[in-house]
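Read through the structure below, which is laid out as structure tokens, and then see the notes.
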Amino acid sequence: MPLSRPMAAIYSTPSEWSNSLITVTSVGCPIKVIERPRAELSATDFAVGPNGRPGYVHPVIRLLQRLLFERLGSALVTVIGSVSLVFLALRLAPGDPADNILGDDAPEVAKEAFRQRLGLDRPLSQQYGDFLSALSRGDFGDSYGITDRPVPVASLLADALPATVELAGAAMLVAVLIAVPFGTWAAARQHGPVDLATLAFAMLGAAVPVFWSGPVVLYVGTVVLGLFPGPTAPLIGLKPLVLPALVLGAALAAKLLRTVRASVLEALRQDYVLAARARGLGGARVLLVHVLGNAWIPILTVMGLQLAGLLSGAIVTEKVFARPGLGSLLLEGIARRDYAVVQGCVVAVTLAYVLVNLLIDAAYVLVDPRLRRGSDQGARAPEPLT
């Protein structure tokens with residue numbers, strides 16, 4: 001009896017691929033065996049799942065896809081909830097944007113025309129509906145308080161975000177380069193001189209605020225040593241980024257260092273570390289592969305929170321070093337009661353938090369084999385035929 005689809009297919013994992021692909025079909029009688037050389041095959045020829053059905057997806061990719069779809073709904077709720085709270089808080093707060101932007105001496109007719117232009121004379125429900133409608137189209141409105149003429153908020157965000165991302169990335173790199181090696185070293189030599197010095201640095205970094213360490217580092221680097229440009233210098237090259245990245249990165253490293261030390265100490269107490277040492281593995285390999293490789297989950301969690309906070313704008317550091325950025329833009333919008341700027345900054349900050357959390361969740365899957373092993377249940381590829 002003829003069959004309407006292939007009844008079997010040779011499937012093998014990449015490590016078991018041979019020099020040819022043999023497909024056994026039974027579309028009609030007699031049975032046909034088709035063999036093609038490996039040179040004529042592509043990756044899609046091997047993407048065959050159970051029962052000969054094409055479209056097999058690696059379990060890790062499938063887990064990441066499921067994670068992405070699960071996070072999209074919560075991300076949408078988070079963004080809408082955040083901007084709605086800010087929308088209501090700005091409208092319910094005392095004060096009039098027309099007075100802040102136009103000044104108290106402006107004629108009442110000009111103030112009324114300004115309110116009509118912003119739609120502030122409409123009912124609150126209508127303002128909220130118009131705001132969500134514009135937000136769905138990617139329209140953040142125009143700013144009337146930052147410059148002397150109306151400027152699209154999207155343009156202001158596009159100018160501020162690169163500087164914020166640059167400072168956040170540099171500060172996070174400094175923090176990781178300090179915290180991971182020294183935290184691991186301190187845990188491996190617990191109660192030793194390195195451990196005591198590391199704990200002292202962590203306590204000092206957590207106690208000293210950035211608004212004090214920033215001006216001190218700025219004075220030493222620009223006036224005493226004269227190695228770096230001052231705050232009024234143009235932001236060209238890497239030199240203007242060094243001092244703010246060091247100040248902010250050292251503050252982050254103080255918090256991250258304690259997490260690294262605690263995670264490595266916890267991993268050192270596990271049985272698999274004792275078993276690895278019993279097999280005669282070297283101390284460096286045990287520490288780097290077996291210990292540090294299993295201590296990344298809490299470290300990544302703290303790194304994600306710190307990076308998301310940096311992307312929301314390091315306001316103090318940007319003000320001390322006179323750097324443009326999202327934090328400075330948000331602070332100026334709040335001071336001038338520029339509704340469009342504040343709402344646009346909140347949307348950018350919320351999206352940054354959502355994106356960083358998604359990346360950290362994806363990193364969990366990549367660094368923790370237990371999550372990948374759990375994704376294989378019920379999705380394992382069939383064993384190759386022999």
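We did not get these values from a lab; they are worked out from the coordinates using the rules stated. Here the structure is a predicted model, which is why all the values come from computation and not from measurement. Cβ sites come from the backbone with ideal geometry, for glycine too, and all protein chains shown count toward neighbours.
Place a point 7 Å from Cα of Leu88 in the direction of its Cβ. Which residues in region 308-342 have their backbone N less than 20 Å from it?
339-340, 342
Residue separation times 0.36 nm, minus the C-alpha to C-alpha distance between Ser74 and Leu235: what's the value? Kindly include the intermediate steps, with their values, before the conclusion.
Details: separation 161, 0.36 × 161 = 57.96 nm, distance 3.77 nm.
Extending this stretch completely gives an extra 54.2 nm.
With label points built 7 Å along Cα→Cβ from the Cα atoms of Gln65 and Ile297, find their separation and express it in nm.
Modelled inter-label distance: 2.6 nm.
From the phi of every residue in region 303-310, what ³J(HN,Hα) in whole Hz does the Karplus formula 6.51 cos²θ - 1.76 cosθ + 1.60 yield, where θ is phi - 60° and glycine or proline is x?
These are the phi-based 3J(HN,Hα) values: 4, x, 5, 5, 5, 5, x, 5 Hz.
What are the ³J(HN,Hα) values, in whole Hz, obtained from phi via the Karplus relation 6.51 cos²θ - 1.76 cosθ + 1.60 with θ = phi - 60°, for each residue of region 114-123 in sequence order, with x given for Gly and Pro?
These are the phi-based 3J(HN,Hα) values: 5, 5, 5, 5, 7, x, 6, 7, 8, x Hz.
So what's region 152-335 giving for Rg/Rh, alpha carbon basis, Kirkwood Rh from the mean inverse pair distance?
Reported Rg/Rh (Cα atoms, Kirkwood Rh): 1.07.
Kindly state, to the nearest 0.05, the FRET efficiency for Arg122 paired with Arg189, given R0 = 45 Å and r defined as their beta-carbon distance.
Details: r = 66 Å, r/R0 = 1.47.
Computed FRET efficiency for Arg122 and Arg189: 0.10.
What's the local net charge at Val210, with K and R +1, D and E -1, over the other residues with C-beta under 11 Å away? Before the final figure, lay out the partial values.
Numbers: positive: Lys319; negative: Glu318.
So the environment of Val210 carries a net charge of 0.
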